[in-house]
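Accompanying notes for the structure given below.
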Amino acid sequence: MEEQCHVEPIQKDASVDDLSEARIVGLTVRGMGCVNCATRVRNSLLALNGVVSADVDWERGLALVDYVPAKTSVDAVLLAVAAAGNDGHHNYYAQVIP
């Protein structure tokens, strides 16, 4: 693991209303090579308005995302995964698990 690859995890508090309206989507995520990649993807997902929580497992290439459909879409969630790698060194891609 390279020093410049380190990523600090962000925290996000969700309202009771958001928690009650949240739905879960499972994703396969390609391109992650270490725990910092998972943190980078998780941070990008949590930064998206409408995402309540995100659990990302880099070893399995999976993510579970709780999101509020009235505030964001599955397409936006997929774009957030791709945007996490927008630094010239990482490239992430996600698909919904049917």
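What follows is calculated from the coordinates using simple rules that are stated; it is not laboratory data. As the structure is a prediction and not an experimental result, all values here were calculated from the model. Reconstructed Cβ throughout: ideal geometry from the backbone, glycine too, with neighbour counts over all protein chains shown.
Here are some notes:
- Screening segment 48-98 for strands (runs of 3 or more DSSP E) wholly inside it with 2 or more residues that are without any contact (Cβ under 8 Å) to a residue 24 or more places away in the chain returns the ranges 51-57.
- Of all residues in segment 37-79, those that are surrounded by fewer than 20 Cβ atoms within 10 Å (Cβ to Cβ), under 13 Å from residue 19 (Cα atoms) and hydrophobic (A, V, I, L, M, F, W, C) total 2.
- Every residue from segment 4-36 that is part of a helix (DSSP H, G or I) and either surrounded by fewer than 11 Cβ atoms within 10 Å (Cβ to Cβ) or touching a Lys or Arg at 6+ places or on another chain (Cβ under 8 Å) (or both): 4, 16, 17, 18, 20
- Filtered by the rule that a residue be of a type in the set (Ser, Thr, Tyr) and within 12 Å of the chain's Cα centre (by Cα), segment 9-28 gives a lone residue, 28.
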